[in-house]
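As structure tokens, the structure follows; a few thoughts come after it.
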Amino acid sequence: MNPTTKELVRYAWLAAEINRHDIAYYTLARPTISDFDYDQLYRELRDFEEHHPAHRLPDSPTARVGAPPLAEFRQVAHRQRMESLDNTYNPAEVGAFLARVQKTLGDQPVSYLIEPKVDGVAVSIRYEHGALALGLTRGDGTQGDDITENLKTIRQLPLTLAGAPEVLEVRGEVYMTHRAFAKLNREREEQGAESFANARNATAGTLKLLDSRAVARRPLAIVLYGVGEVSPGHGFDSQTATLARLAALGFPVPEWHPQAAGPAAVLAAINALDHQRQHFTYPTDGAVVKVDDFAARATLGSTAKAPRWAVAYKFAPVRAATCLHAITFQIGRTGVITPVAELEPVYLSGTTVRRATLHNADEITRKDIREGDTVIIEKAGEIIPQVIGVIQEYRPPTTEPFDFAARLAELGLDAARAPGEAVWRLRQPTREQQIRALTHFAAKPCLDIASLGPAMAETLVTAGLVTTPGDLFTLKHEQLILLENLADKSADHLLAGIAAARHRELWRLLHALGIPNVGAQTARDLAKHFGTLDTLANATYENYLQKKIGKQGQTLKAEESVIPGIGATVAQSLLTWFNTPAHRALLEQLRAAGVNFTVPPPAGGGTGTGQRPPPLAGKTFVITGILTQPRLHFEARIHALGGEVRATVGQKTTYLLAGVDPGSKLKKAVQLGIPILDEAAFERLTGAA
């Protein structure tokens, strides 16, 4: 059925409104509505597009979720060469640059703009007739990789422009904020993947991903500070005017860009930036000094590599020397062993540093880091302390090369290093690992066993009642009440939570298993693709990635992901995990306990254990309108009781939960004869009233 004119007008308004809110939130950092209200608008937009895909706008906010994976990036020539900047760490060389500029321009007064040098990846983005048409990396300056689909996932970046020139090429830097980078590394550590060394590496690695849907899950940001081809070029005659025009078009521009005239003022601005950058949310490694006037720039010209009208002053890394007393190991939830330097405390960039990452065994060998050495440390990306080298002349004669494998044996850690991997990983879990694995298994994004937190997990492991997560399903009330400080009621709550966990969605179980590199979204993708845990467990490499074959039958080097977002690293993790005998034994333990292995969970539970099925098993809900709690609150309750939540009303919908201003979903539910629940009726249905 075609949408009505009223629906089309509403849809266009929704798309424009959400794009406006994206600029307010991501670019200006001044949101004008709550997250809940934003989510309501976004869901309504998505529902329309699901029902009317032919009417989907090219600049819809949903375009930011990514496109199908590419076999490889195509190379595209830049219309105007992308130059790099000459760098210096010496204030005297900045003075020499200013003198050369003044000499070339004669008596003409020269004004400069000083901008932060964001530590990211340079890109060029072309808009044609107001629409984002092409995005390229710098490459060699004459041509770059076409990363258009990856750039579209960045919420700060407008997909369409109002009032822009017919052709507008903007240039800037893609980066990650300190918080986003730290969050990404935490997620990678939880998944058993190696952490990125710094935010720039993480950004560059993300932009190289061939699947933009995987890029959309990474927290990229962007700042624009220049233009390339512009037609017609009105309004871009100086750097000051350019930044103002870009900001007016909705682009994020440098937050700090004072003007300065003369060497003293320029150097003062650079020093001010060095202090100011400590408060920035993103990594900066220097200041860029630019001649403001574009006509003066044209007179100054460029060398074969860089413009003569700009220079980058790089701040010296903040470093300190201290004694490395010992190398210890940190064991992650998935058994990854990370070496850590235990240091004589030293003050660095506003904090006292006592420990620093050593990354892996290869890094220790390459840098020849030994216990007792005097080492140089710095904060990578201004956040993570790391050892960057050794002061050899201070090395005590008694030091010995660090033997990673010998130290593992000395500590009684049974670990191995898989071929092609940089990390060592435990073969058998330690007590601490068992506790962490159990806590993760029961966490809310996994099987959501509310009564099983870290303290309870430690109690169960210490008592010897639980070794693997599968042991949970064998626990009995009479065992639990023997535990110290565990009352009858607490035991009942725990057992009820474990019973409900049998009926959770398959993706939650996959996430709960703690497979390296498999987070919540990857678990959803796997469950949707394979349908059953048994099918996934017996998958081969070819079920994840396939060779791309040319027309004449030649095999290309590139591999194509069968499942969006799942590449070689994740595929190998899955194959290794499911081919480990201990993990196979765990799966059989879970099967015997009646844990759901299918999508969707079988109606009635299908456990064969005598447990009553959850009250909403087999029932499908659609939620609409404004409710007294966020929608996620009701979704979580429905899932916890065995039900399913869908975005759109259809023949298989069991109930519509409707709040204030329910919209078109209410009308469709009435047409299909689907029961309508208000909150009071929902509470009665779920037994909460």
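Here, each number is a calculation from the coordinates, and none is a lab measurement. What you see is a predicted model, and the numbers here were worked out from it, not measured in a lab. Every residue, glycine among them, receives a Cβ derived from its backbone with ideal geometry; neighbour counts consider all protein chains shown.
Here are some notes:
- Counting only residues at least eight positions apart within a chain, or on another chain, the lysines with an alpha carbon under 18 Å from that of residue 652 are 619, 665, 667, 668.
- Taking other C-beta atoms within 10 Å as the exposure proxy, 84, 664, 212 rank 84, 664, 212 from fewest upward.
- Computed from Cα atoms, the angle from the helix 568-578 axis to the main principal axis of the chain rounds to 20 degrees.
- The mean of 1/r over all distinct Cα pairs in segment 241-374, once inverted, gives the Kirkwood hydrodynamic radius of 19.2 Å.
- Axis angle, to the nearest 10 degrees, between helix 263-276 and the longest C-alpha principal axis of the chain: 10 degrees.
- When you filter the trypsin sites (Lys or Arg not before Pro) in segment 180-221 for DSSP loop state and at most 14 other Cβ atoms inside 10 Å of their Cβ, you are left with 208.
- Positive-end residue of 143, 8, 387, charge dipole of the chain with Cβ unit charges: 8
- Mean projected area (nm²) of the alpha-carbon convex hull when the chain is viewed from all directions: 37.0 nm²
- Expected-Rg normalisation [2.2 N^0.38 Å, Cα atoms] applied to segment 461-531: 1.36
- Diffusion coefficient, µm² s⁻¹, Stokes-Einstein with Kirkwood Rh over alpha-carbon pairs of segment 431-501 at 37 °C and 0.692 mPa s: 278 µm²/s
- Candidates per GluC sites (Glu not before Pro) in segment 71-166, loop by DSSP, up to 13 other Cβ within 10 Å: 72, 166
- Hz values of 3J(HN,Hα) by residue in segment 114-128 - Karplus curve (6.51, -1.76, 1.60), Gly and Pro given as x: 10, 10, x, 8, 5, 8, x, 10, 6, 9, 10, 10, 10, 10, 10
- When each of 245, 524 is scored by the number of other beta-carbon atoms lying within 10 Å, the sequence from fewest to most is 524, 245.
- DSSP beta bridge pairing in the chain, given as percent antiparallel to the nearest 5: 85 percent
- 3J(HN,Hα) from dihedral phi, segment 205-218, Karplus parametrisation 6.51/-1.76/1.60, rounded to Hz, x for glycine, proline: x, 5, 5, 8, 5, 7, 9, 5, 5, 6, 4, 4, 7, 9
- Least to most buried among 125, 481 (fewest other Cβ within 10 Å first): 481, 125
- Helical runs (DSSP H, four residues minimum) scored at -39500 (n - 2.57) apiece and divided by the length of the chain put the mean residue ellipticity at 222 nm at -10000 deg cm²/dmol.
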